[in-house]
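Colleague: My structure is below; once you've seen it, I'll send some questions.
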Amino acid sequence: MKQHLYTSKIRWTGNTGEGTAHYRAYTRDWEVAVPGKPVIPCSNDPLLGGNKGLMNPEDLLLSALSGCHMLWYLHLASDAGIVVTAYEDAPEGTGELEPGGAARFVKAVLHPRITVKPGADMARAEAIHHEIHKVCFIARSVNFPVEIEPVFTIES
């Protein structure tokens, strides 16, 4: 098997001068830095004291899942002769919090809205969504179900 190596640098930026002297002494802000790419400022989930104006790990995971699905959809649609002219998604992830404080995603639902050129094989356009879970790196890596509820529009 061929392996790929991905690297990232995570740096906590929330030291307000006291370090972690106590729970309220620091912020949950941090950043993602991947060599050669813009830095992404992040924080914790606002429910856990994070900055609601910044991306959090849950946002990033859900966005990665949706982005991977989209890129594979575009690839497979192109291979199938389906011309996609627009694609957007508003994914939703459902999490659960256990009494002890541990949390996890229990499912994700992707809601892609796809515009295709007239004459597209709509049955094939729909079927592609159900093939992606076999190849999408992120979807194959998560341990929760991913549902897809696409809506198609034919370009006028």
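The values are calculated or read from the model by the stated rules, or taken from the named source; none is laboratory data. Worth saying up front: this structure is predicted, and the values here are computed from it rather than measured. Backbone-built Cβ (ideal geometry, glycine too); neighbour counts: all protein chains shown. Just the protein is used for accessible areas: all its heavy atoms, side chains included, with ligands, DNA and RNA removed. Shrake-Rupley method; radii C 1.70, N 1.55, O 1.52, S 1.80 Å.
Colleague: THR153 fails exactly one of the following numbered conditions: (1) more than 19 Å from GLY81 (Cα to Cα); (2) of a type in the set (S, T, N, Q); (3) in contact with a strand residue (DSSP E or B) (Cβ under 9 Å, 6 or more places away or on another chain). What is the number of that condition?
Modeller: (1)
Colleague: Moving on. Can you tell me how many residues in region 70-88 are acidic (Asp, Glu) and touching a strand residue (DSSP E or B) at 6+ places or on another chain (Cβ under 7 Å)?
Modeller: 1
Colleague: Residues of region 11-52 being among the hydroxyl-bearing types (Ser, Thr, Tyr) and either under 30 Å from GLU147 (Cα atoms) or part of a loop (DSSP other than H, G, I, E, B) (or both), which ones?
Modeller: Those that are among the hydroxyl-bearing types (Ser, Thr, Tyr) and either under 30 Å from GLU147 (Cα atoms) or part of a loop (DSSP other than H, G, I, E, B) (or both): THR13, THR16, THR20, TYR23, THR27, SER43.
Colleague: If you take just the strands (runs of 3 or more DSSP E) that sit entirely in region 53-156, which of them hold at least 1 residues that are touching a residue at least 40 places away in the same chain (Cβ under 8 Å) and open to solvent by less than 70 Å² (accessible area, probe 1.4 Å)?
Modeller: 84-88, 103-110, 113-116, 146-148, 151-154
Colleague: Another question about this same structure. Among the residues of region 85-101, is there at least one that is hydrophobic (A, V, I, L, M, F, W, C) and under 23 Å from ARG28 (Cα atoms)?
Modeller: Looking through region 85-101, at least one residue is hydrophobic (A, V, I, L, M, F, W, C) and under 23 Å from ARG28 (Cα atoms).
Colleague: Starting from residues that are open to solvent by less than 40 Å² (accessible area, probe 1.4 Å) and among the small types (Gly, Ala, Ser), keep the ones in region 19-52 and report whichever is farthest from GLU92 (Cα to Cα).
Modeller: Here the residue is GLY19.
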